[in-house]
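K.L.:
Pasting a structure below so you can have a look.
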Amino acid sequence: MSDGTKVDAPKPLKKRIKKYRKLSKSLSNKTRGSNRYEKARLRIAKFHAKLKDTRTDFLHKLSTKIICENQTIVLEDLNVSGMVKNRKLSRAISDLGWRQFRTLLEGKAEKYGRDFRVISRWEATSQTCSCCGFKGGKLELSVREWECLNCGAKHDRDENAAINILVAGGQSETLNGRGGKRKTTAKVAAACVSDSYAKQNVNPPRS
Ligand SMILES: [Zn+2]
């Protein structure tokens, strides 16, 4: 995020990949339509449902937190379906549930009167220095830190990109048409927080 926060997302499939392979191997050994096949198929369905629950639970909590703490949220329109076609990235991205994350943020922004914006995927957010605007050229995905050749600023790849996304978002059209008109009031924020805690069945921390 643009404030430097990093979020460690659960990767439920990565964690249970051995179990997944075992389950699908067991399915492929059975005769289609047999009782044993049905049982194995069911086990896989349950396995997938569990992964989905883990992802959804995490994404709900994260999106609620982001919406509660920020008036304006800017995302980069990453080409998720295009990236999922790239076999290397495919499993990792699907495992994180990026598409669902965006949908959740969008819905909650609407509900709580936040300004939700999406900037084009063609902005050079990773390669531009957020301090001086110098474009350093394309970075391999493995490069996580870099130094600007122009001003010498040292960047964390993701944080630098997030700052550029936020700046680009300031110049873009607002998606839900509420840009600038609404301000977060303490009341809205408090309602938002208690609502989210109620949904998660936990008590809000005492302040
Ligand atoms: Zn620079």
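Since every read-out is calculated from the coordinates, none of them should be taken as a lab result. Remember, predicted model here, so these are calculated numbers, not experimental data. Note that each Cβ is placed from the backbone with ideal geometry, even for glycine, and that neighbours are counted across all protein chains shown.
K.L.:
Take the residues in the stretch 46-94 that are free of Cβ contacts under 8 Å to residues at least 12 places away in the same chain and among the aliphatic types (A, V, I, L, M), then tell me which one is surrounded by the fewest Cβ atoms within 10 Å (Cβ to Cβ).
P.N.:
So the residue we want is Ala49.
K.L.:
Here is a list: Arg121, Arg114, Arg87. Which entry is under 29 Å from Ser24 (Cβ atoms) and away from the ligand (no atom under 16 Å from the Cβ)? Talk me through it step by step, then tell me what you get.
P.N.:
Details: Arg121 fails: under 29 Å from Ser24 (Cβ atoms); Arg114 fails: under 29 Å from Ser24 (Cβ atoms).
After applying the criteria, what remains is Arg87.
K.L.:
Right, another one. I'd like the residue in the stretch 125-135 that is buried (at least 17 other Cβ atoms within 10 Å of the Cβ) and assigned to a loop (DSSP other than H, G, I, E, B) and, out of all such residues, is nearest to the ligand (Cβ to nearest atom). Talk me through it step by step, then tell me what you get.
P.N.:
Initially, the stretch 125-135 is screened for residues buried (at least 17 other Cβ atoms within 10 Å of the Cβ), giving 125-130.
If we keep only those that are assigned to a loop (DSSP other than H, G, I, E, B) too, we end up with 125-127, 129-130.
On the way: Thr125: 14, Ser126: 14, Gln127: 11, Cys129: 3, Ser130: 8 Å.
Selected residue: Cys129.
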